[in-house]
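One structure is given below, encoded as structure tokens.
The values are calculated or read from the model by the stated rules, or taken from the named source; none is laboratory data. Values in this document were obtained by computation on a predicted structure and should not be read as measured data. Because the Cβ atoms are built from the backbone with ideal geometry, glycine has one as well, and the counts that use them run over all protein chains shown. Accessible surface areas use protein heavy atoms only, side chains included; no ligands, DNA or RNA. Shrake-Rupley method; radii C 1.70, N 1.55, O 1.52, S 1.80 Å.
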2 protein chains.
Amino acid sequence: MKKIGVLISGRGSNMVALADAVRDRRMADAEIAVVISNIASAGGVVKAQERGIATAVLDHRGKTREEHDRAMAAELRKHEVDLICLAGYMRLLSPWFIREFPYRILNIHPSLLPAFTGLNAQAQALEYGVKFSGCTVHFVDEELDHGAIIRQAVVPVLPQDDEHDLAERILVEEHKIYAEAVSLVLGGKYKIEGRRVLEATESL
Amino acid sequence: MKKIGVLISGRGSNMVALADAVRDRRMADAEIAVVISNIASAGGVVKAQERGIATAVLDHRGKTREEHDRAMAAELRKHEVDLICLAGYMRLLSPWFIREFPYRILNIHPSLLPAFTGLNAQAQALEYGVKFSGCTVHFVDEELDHGAIIRQAVVPVLPQDDEHDLAERILVEEHKIYAEAVSLVLGGKYKIEGRRVLEATESL
């Protein structure tokens with residue numbers, strides 16, 4: 001059984017989607033071992049507890065970024081996680097943390113990267129006037145929203161869309177591709193060439 | 001009858017696609033009035049002539065950018081064009097030219113802008129490792145590959161793709177959306193809010 005650690009700061013909807021995928025056996029031989037929040041009141045903490053998942057609240061306040069990340073790493077190691085999934089974790093990770101878990105940290109971002117990095121990606125997309133947006137699951141490297149891309153999904157941007165409409169349409173896809181990307185990475189049937197993550201098929 | 005001027009530097013495959021759309025009456029009441037190339041040997045010049053379209057070769061060498069653009073503008077005005085379409089025109093336009101034809105110059109770019117501006121967009125997309133790319137028709141403003149987006153189309157990037165495979169898959173979509181975008185702009189049934197180009201529908 002592979003073990004996943006999920007980092008959250010808020011409602012944790014992508015954490016819930018991963019938990020549902022585990023429950024529905026859409027992620028082969030995987031379970032969420034621990035959900036860590038840096039915010040005690042994050043809605044995702046209660047949702048994890050309701051699902052019987054171990055939780056930890058590690059407050060970042062009063063610590064350096066690396067001190068906080070070392071506390072998270074200790075908690076993740078205690079639960080022997082194989083993979084770390086960011087799910088609305090609203091803090092930058094320290095270079096130390098990222099180097100501790102090479103190609104073992106995934107993030108999901110609500111745009112078709114490399115377009116619209118950072119906060120409010122859906123609003124950025126609307127403002128730019130793109131006709132399609134989407135979401136991206138990628139390995140986390142030391143640059144924001146930058147690591148090698150594992151999965152993407154596309155949605156149309158409609159004329160009457162506001163930020164909420166577009167965010168909701170993208171979120172449906174986020175919930176699908178995050179579980180698919182986790183399955184792929186845990187299953188190990190891929191190779192990385194430069195920045196390209198190539199799923200193993202007969203032809204590879 | 002609305003008149004289109006097309007600027008090319010090479011084989012002009014998007015010019016041919018526009019000419020085919022005119023022939024097949026997929027662009028209401030429009031015709032290509034003139035094709036202008038800055039390269040005498042551009043393959044698109046012969047292709048335009050074969051289709052009975054007026055052509056002009058205006059060599060840019062030995063002129064400043066604006067001098068060259070003024071010669072093009074004179075040629076375009078002689079043919080009374082309503083809209084200018086860049087189709088593999090490999091030179092930057094002068095600010096003077098762009099200001100002369102506000103919201104009357106379209107470009108097509110082989111990526112989902114704002115990702116992968118500039119040359120070799122398909123190779124950039126492959127190297128970055130995106131799972132989807134596509135093409136974009138946009139109004140030309142003074143910034144490279146930047147103006148308000150009229151149409152986009154999406155294609156998958158497949159694991160075995162090389163630059164040629166991806167470029168060919170995108171080109172099929174380019175040929176479709178360029179004619180659609182030209183029709184929309186010539187028909188005038190759209191409005192622009194900030195950078196968003198909104199097609200007129202019942203609800204607008």
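Key figures for this structure:
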read-out	value
Filter result for B:Ile105 (in contact (Cβ under 8 Å) with a residue 24 or more places away in the chain and at the interface with chain A (Cβ under 9 Å from one of its Cβ atoms))	no
Counted residues, the range A:140-152 - those being in a loop (DSSP other than H, G, I, E, B) and either of a type outside the set (D, E, K, R) or surrounded by 23 or more Cβ atoms within 10 Å (Cβ to Cβ) (or both)	5
Subset of the range A:40-89 (residues that are open to solvent by 20 Å² or more (accessible area, probe 1.4 Å) and touching a Gly at 6+ places or on another chain (Cβ under 7 Å))	A:Gly43, A:Lys47, A:His79, A:Val81, A:Gly88
Matching option when the condition is assigned to a strand (DSSP E or B) and either of a type in the set (D, E, K, R) or outside the structural domain of B:Ala19 (by TED's automatic domain parsing) (or both), among B:Val137, B:Val172, B:Val182	B:Val137
Residue list for the range B:178-197, restricted to those being facing another protein chain (nearest Cβ under 10 Å) and either closer than 17 Å to B:His109 by Cα or of a type outside the set (Phe, Trp, Tyr) (or both)	B:Lys191, B:Ile192, B:Glu193, B:Gly194, B:Arg195, B:Arg196, B:Val197
Test for A:Met1: is it open to solvent by 50 Å² or more (accessible area, probe 1.4 Å), under 27 Å from A:Ile192 (Cβ atoms) and not aromatic (Phe, Trp, Tyr)	yes
Residue list for the range B:118-127, filter: within 11 Å of chain A (Cβ to nearest Cβ) and open to solvent by 40 Å² or more (accessible area, probe 1.4 Å)	B:Gln124, B:Glu127
